Ligand code: B12
Ligand code: SF4
């Protein structure tokens, strides 16, 4: 039996509904119900098995099919568990992304509102575990949990409470996973925690032949930029074969999916992994061909981007333009007040900004902006965002607040960048999260801020400034700003004042626009940022290591004066070698 929490499986209302459910506390579920009254509706196969499942669950199913017959395995939604679990069920295998909401960006927002333990997603995950635990046949089967959120259960030691026998860390393709299932089926005792290996070559990653939530199809694993806090970067850097990606796209369409999303940490490395060219110089032709083939697959009506990094936009702006031509028509995201597209379509990839403090950036993510030096990170962000916005890309950019050893100067540096974005009329959805030491990462043993009461006034200001800016596109009516002001202050008086402490007061007043920021700055209550000196693209390129220049495309311009591009150099060499005929 394969299953996953309902809130991680639904896909009809877009990515943001799942992200919202990871961040909103359960007592705010009514807001969600009003906006999406049908969010619980899911589609079924004829036998009432699940028509779609998160990609992790589907890969596990594919992996198990190497050893077991299709009649032995079924995937269902949590509400149907009682129909499918019977006396002959031997394993209930749960895939989960974020079961307890203790990860970055999720925990922080629920804790601002009062309960750091029970985001909506966590509530539904617990409900699912309760159904499994109280099933009348529970003594006959083992419960194995896997997926990127398994560590949350290990760290909080909730095995007994949730009724879990074993947590698997790692990929289901591993032969160790199959071994574990063999043991479970034989009724043997399982270890509480098993670490299984990640495949190291592209042909060992399996692709499901069934429909996945959001049409997620894997594009790459690993990343290569080596940020200290990052979990996916610990996996080998692999770009997956195009024929397999396309097959998985077609399987989704065949099973009624109209949307596709390629799962990746950085879409721009695809086609440039382990080639002669460093992965941070995108392979323009390969990417354009891949994305064109996907969006032009008959039946694909929508395509959404997942994650990427900022530097590739500065390296190859023309790639962004050409990708926009390919991807915008199939984007389901509309941003009427931002987009210049005739139908107001937009692309919203997730990009990590994390910090604009050079001191902090050098410590936690020295390669974030390669090929550019981390000293140029703020300029790379501003130039990259300028290029993205001009092409109707409005990224969701994550920031980490409360890094270990973060000082007020570090926070001021990030605020400077945020104010610079505002000053230049650029737009990104800034998503601040409180530093969470993720299991197994290079920063696992570090602690930063652990609850919202500990946040300094500047850290609060950064969080609230980001949200104030995020809400700009929604504030274009006569009533919204006033409603927002009154609502925010009311909520503060009623609940948030006690929960978040005195440091929250002025940032909240700034957020609600109760007073102008200038005035609050003059009163010494907030920091209003100082203008940044931003390097142009040409200046950024002139600071590159000389041997990198050969990988830049001439059609983007901005190459140093007198530089002869490699392609031309070789052509010149060839022509000089030709015999001169008179
Ligand atoms: C696509 C995606 C999303 C999508 C869709 C999610 C979905 N439900 O399908 C959206 C945008 C909605 C999303 C939301 C969120 N996401 Co997300 N997401 C991803 C992404 C890019 C790909 C996930 C994926 O499908 N991968 C492909 C599948 C095949 O991999 P997999 O699930 O890991 O499965 C493998 C193994 O884990 C294992 N496995 C899986 N299940 C099982 C079960 C068993 C029994 C066994 C044995 C093995 C096993 O085998 C599989 C391969 O063989 C990953 C990054 C990544 N590359 O993984 C981030 C990632 C998983 N997300 C992350 C986060 C933080 C979130 C959010 C909390 C963000 C937020 N603040 O809103 C929310 C949570 C949503 C929720 N409902 O609670 C983090 C997870 C961190 C963590 N848990 O500690 C990741 C790793 C991103 C990152 N860079 O840090 N996400
Ligand atoms: S750029 Fe993103 S995915 Fe890559 S290592 Fe850094 S945080 Fe991880």
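In region 245-276, of all residues being within 15 Å of the chain's Cα centre (by Cα) and assigned to a loop (DSSP other than H, G, I, E, B), the one that is nearest to ligand 2 (Cβ to nearest atom) corresponds to 265. Selection within region 194-228: residues that are more than 29 Å from residue 165 (Cβ to Cβ), more than 16 Å from ligand 2 (Cβ to nearest atom) and modelled with pLDDT under 95. The member of this set that is surrounded by the fewest Cβ atoms within 10 Å (Cβ to Cβ) is 201.
In the condition set (1) outside any helix (DSSP H, G or I); (2) in contact with a helix residue (DSSP H, G or I) (Cβ under 9 Å, 6 or more places away or on another chain); (3) within 29 Å of residue 327 (Cα to Cα), residue 356 is compliant with all but (3).
Scanning region 288-307 for residues that are outside any loop (DSSP other than H, G, I, E, B), farther than 19 Å from residue 55 by Cα and in contact with a helix residue (DSSP H, G or I) (Cβ under 7 Å, 6 or more places away or on another chain) yields 288, 290, 291, 292, 293, 295. The residues in region 208-237 that are within 23 Å of residue 282 (Cβ to Cβ) and not in a helix (DSSP H, G or I) can be counted, and the count is 16.
Applying the criterion of being surrounded by 15 or more Cβ atoms within 10 Å (Cβ to Cβ) and within 16 Å of ligand 1 (Cβ to nearest atom) to the residues of region 331-345, the residue that is farthest from residue 401 (Cα to Cα) is 331.
Have a look at 494, 527, 548 and point out the one that is modelled with pLDDT of 85 or more, out of contact with any strand residue (DSSP E or B) (no Cβ under 6 Å at 6 or more places or on another chain) and in a helix (DSSP H, G or I).
Going through 494, 527, 548 in turn, just one is modelled with pLDDT of 85 or more, out of contact with any strand residue (DSSP E or B) (no Cβ under 6 Å at 6 or more places or on another chain) and in a helix (DSSP H, G or I): 548.
Kindly check whether there is at least one residue in region 258-276 that is buried (at least 21 other Cβ atoms within 10 Å of the Cβ), modelled with pLDDT of 95 or more and out of contact with any strand residue (DSSP E or B) (no Cβ under 9 Å at 6 or more places or on another chain). No, the conditions are met nowhere in region 258-276.
Across region 229-244, the number of residues qualifying as away from ligand 2 (no atom under 13 Å from the Cβ) and surrounded by 18 or more Cβ atoms within 10 Å (Cβ to Cβ) comes to 3. Tallying residues that are farther than 20 Å from residue 22 by Cα and in contact with a strand residue (DSSP E or B) (Cβ under 9 Å, 6 or more places away or on another chain) within region 66-104 yields 12.
Mind checking which residues of region 18-50 are loosely packed, with under 14 Cβ neighbours inside 10 Å and not in a loop (DSSP other than H, G, I, E, B)? Selection gives 30, 31, 33, 34, 35, 44.
Contact map, region 519-537: residues that are in contact (Cβ under 8 Å) with a residue 60 or more places away in the chain paired with residues that are part of a loop (DSSP other than H, G, I, E, B) and surrounded by 19 or more Cβ atoms within 10 Å (Cβ to Cβ), Cβ distance under 8 Å, separation 6+ or inter-chain. No pairs are found.
The one condition from (1) out of contact with any strand residue (DSSP E or B) (no Cβ under 9 Å at 6 or more places or on another chain); (2) at pLDDT 95 or above; (3) surrounded by fewer than 17 Cβ atoms within 10 Å (Cβ to Cβ) that residue 191 does not meet is (1).
With respect to being surrounded by fewer than 21 Cβ atoms within 10 Å (Cβ to Cβ), out of contact with any helix residue (DSSP H, G or I) (no Cβ under 9 Å at 6 or more places or on another chain) and more than 30 Å from residue 13 (Cβ to Cβ), residue 175 fits the description. Restricting region 46-65 to residues that are out of contact with any strand residue (DSSP E or B) (no Cβ under 9 Å at 6 or more places or on another chain) and closer than 22 Å to residue 96 by Cα, the residue that is farthest from ligand 2 (Cβ to nearest atom) is 48.
Looking only at helices (runs of 4 or more DSSP H) that fall completely inside region 116-205, which ones have 1 or more residues that are within 13 Å of ligand 1 (Cβ to nearest atom)?
Values: elements: 120-133, 150-156, 159-162, 175-185.
Fully inside region 116-205 and qualifying: 120-133, 150-156, 175-185.
In region 58-77, of all residues being free of Cβ contacts under 8 Å to residues at least 12 places away in the same chain and in a helix (DSSP H, G or I), the one that is surrounded by the most Cβ atoms within 10 Å (Cβ to Cβ) corresponds to 72. A single entry from 438, 455, 399, 415 fulfils the requirement of being over 15 Å from residue 355 (Cα atoms) and modelled with pLDDT of 75 or more: 455.
The values are calculated or read from the model by the stated rules, or taken from the named source; none is laboratory data. Model, not experiment: these values are computed from the prediction. Neighbour counts are summed over all protein chains in view; Cβ atoms, including those assigned to glycine, are modelled from backbone coordinates with ideal geometry.
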